[in-house]
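Notes follow once the structure below has been shown.
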Amino acid sequence: MGRLQSTEGLSDEQREILRTVRAFVDERILPVATELEHRDEYPTQIVEGLRQMGVFGLTIGEEYGGLGESLLTYALVVEELSRGWMSVSGIVNTHFIVAWMLQQHGTDEQKRRYLPRMATGEVRGAFSMSEPHCGSDVAAIRTRAVPEGAGWSLTGQKMWLTNGASANLVAVLTRTGEGYGGMTTFLVEKEPGFGEVAPGLSVPGKIDKMGYKGVDTTELIMDGWRTGQEQILGGVTGRGFYQMMDGVEVGRVNVAARACGVALRAFQLAIDYAQVRESFGRRIADHQAVQFRLAEMAVKVEAAHQMMVRAARVKDAGARNDLEAGMAKYLAAEYCSQVVEDAFRIHGGYGYSREYEIERLYREAPMLLIGEGTADVQRMVIGRRLLEEYAR
C-alpha cells in the first residue's frame, strides 16, 4: 500500500479489521467496480460480502450484536471501501448515520427493536433531510407531521435519499412546529423497492446521476402517511434538528474518508501509469513536471487523511466536532477533486476513455464537493465556530 495514509495508535483489532477490508476491496470490489458502475448496477454480491464480514454492525454496540467499533475505525473502513468504489461506501454510510442516531438519541425500545437487525444488515438505514427546494438550508424544510388521532400524519417530498429504495428504515426530518425547535425526526419503516412501498408512501425511480452510480438515490414522497408516537426518534418532538446535526457530523467525517479513499486510488493509478507510459524516449515519471505533479498529489492525499483521522478521534472522545468535521470534509473533498484532476492529466488522452478507471473517478469526485453540505456551507460552519472559539 505504500507509506501514504498510515494511522498511528491503532489497536491490533483495528488493524485486523482494516487488513480484512483491504483484501476484500482488492479481491472483490476493484475487479468489478468499473463494469458495475458503467451499468449502474447495484452491487448485490459485494453488499452480501459486507454483511458476512459484519460491516453493517461495525459501530453498533456489542450488546446489540454489533462490533462496537469507534468512529475512527468506521472512517478508515470507509476510506478503504472508497478506494475500491465510492458507491459501496455510500451504501453503508447512511446506514451508519441512522445507527449512530439511534444509539445516541433513540429510546430503549427503539434501540432494542432496530439495532440488532441493523447489525446483521437485515434492516438497512437511510437518512433524509433535503427537499427539492432546499438542500443545505435545513431550516427551510416543508415536510410536515401533524397529529391525527393517537398518531401522526406526514405529508411532503424528500430528495436525495441514498439507499432510498434498498433501505427499509428511513430517518426523516419533518416540521412539527416553527423554527429549529419545531423539527422532529421520524423513523419511517417501509418495504424495499420502488413505487408505493406503504400506504401514503412512495419511492419514485432512481435519480440519474453523472457519477456515484450503482447505489440508489431517490426521492421519498409522503401523502398522509400515518405512523405512531413510538416512531419519533427519542420519543419527543422538537429535537429533530439537533439529532440530525449530530448525524451530519458523522456523515461529514464519512465524506472526508470517502474523499481520502478516492484520492489515494487516483494517486495509485497515476503513479503506476507514469512508470509505464513513455514519451520523448523515457518514462513520463522521469520528467520533472510529472514528478512535481505526483509530489503535490501525495502531499494532498496525506494531509487530508490526517485531518480526517483527527475529526474522527475528536468525536470518539465525546466532544463536539463540527469544526474538525467541517475542516476535514472541506479539505479532503477539495484535495480529492484536485488529485483526481491531476491523475486525469497524467493519463493524457487515455484518461478520457471509459476503458480506464480514472474516467470513473473523474465523474465520482464532484459529488464529494456537495455531499453533506457544500464547500461554501463548510466554510460558513468553520468560520462561525472559529469566531466562537476566539471570541473577544
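The values are calculated or read from the model by the stated rules, or taken from the named source; none is laboratory data. Since the structure is predicted, the reported quantities are computational estimates derived from the model, not experimental observations. Positions of Cβ are backbone-derived with ideal geometry, glycine not excepted, and every protein chain shown enters the neighbour counts. Note: accessible area is taken over every heavy atom of the protein model, side chains too, but ligands, DNA and RNA are not part of it. Shrake-Rupley method; radii C 1.70, N 1.55, O 1.52, S 1.80 Å.
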task = Quick one: compute a quarter of the convex hull surface over the Cα atoms of the chain and quote it in nm².
result = 20.0 nm²
List Trp85, Trp225, ordered by accessible area with a 1.4 Å probe, largest first = Trp225, Trp85
task = Determine the order of Glu196, Glu364, Glu122, Glu341 by accessible area, beginning with the largest, at a probe radius of 1.4 Å.
result = Glu196, Glu122, Glu341, Glu364
query = For the stretch 306-392, which whole-number percentage of the solvent-accessible area (1.4 Å probe, protein heavy atoms only) is attributable to carbon and sulfur atoms?
reply = 54 percent
message = Could you compute how much accessible surface Glu148 exposes when probed at 1.4 Å, giving the result in Å² to the nearest 10?
response = 70 Å²
inquiry  = If you roll a 1.4 angstrom probe over the protein chains with everything in place, what fraction of the accessible area of the stretch 114-222 belongs to carbon and sulfur, to the nearest %?
reply    = 54 percent
note = Checking rank on 12-18, 263-269, 160-166, with mean other Cβ inside 10 Å and highest first, the result is 263-269, 160-166, 12-18
inquiry  = Could you put Phe56, Phe280 in order of accessible surface area, largest first, with the 1.4 Å probe and the full protein assembly present?
reply    = Phe280, Phe56
query = Which value at 222 nm does the chain reach when only helices count, each DSSP H run of 4 or more adding -39,500 (n - 2.57), with the total divided by all residues and rounded to the nearest 500 deg cm²/dmol?
reply = -17000 deg cm²/dmol
inquiry  = With a 1.4 Å probe and all protein chains left in place, how much accessible area per residue does the chain have, in Å²?
reply    = 43 Å²
ask   = Using a 1.4 Å probe, how large is the accessible area of Tyr64, given in Å² and rounded to the nearest 10?
value = 50 Å²
The stretch 40-89: mean projected area of Cα convex hull, nm² = 3.5 nm²
request  = Please compute P(r) over all alpha-carbon pairs of the stretch 48-167, binned at 10 Å starting from zero, and give each bin as a whole-number percent.
outcome  = 13, 37, 33, 15, 2
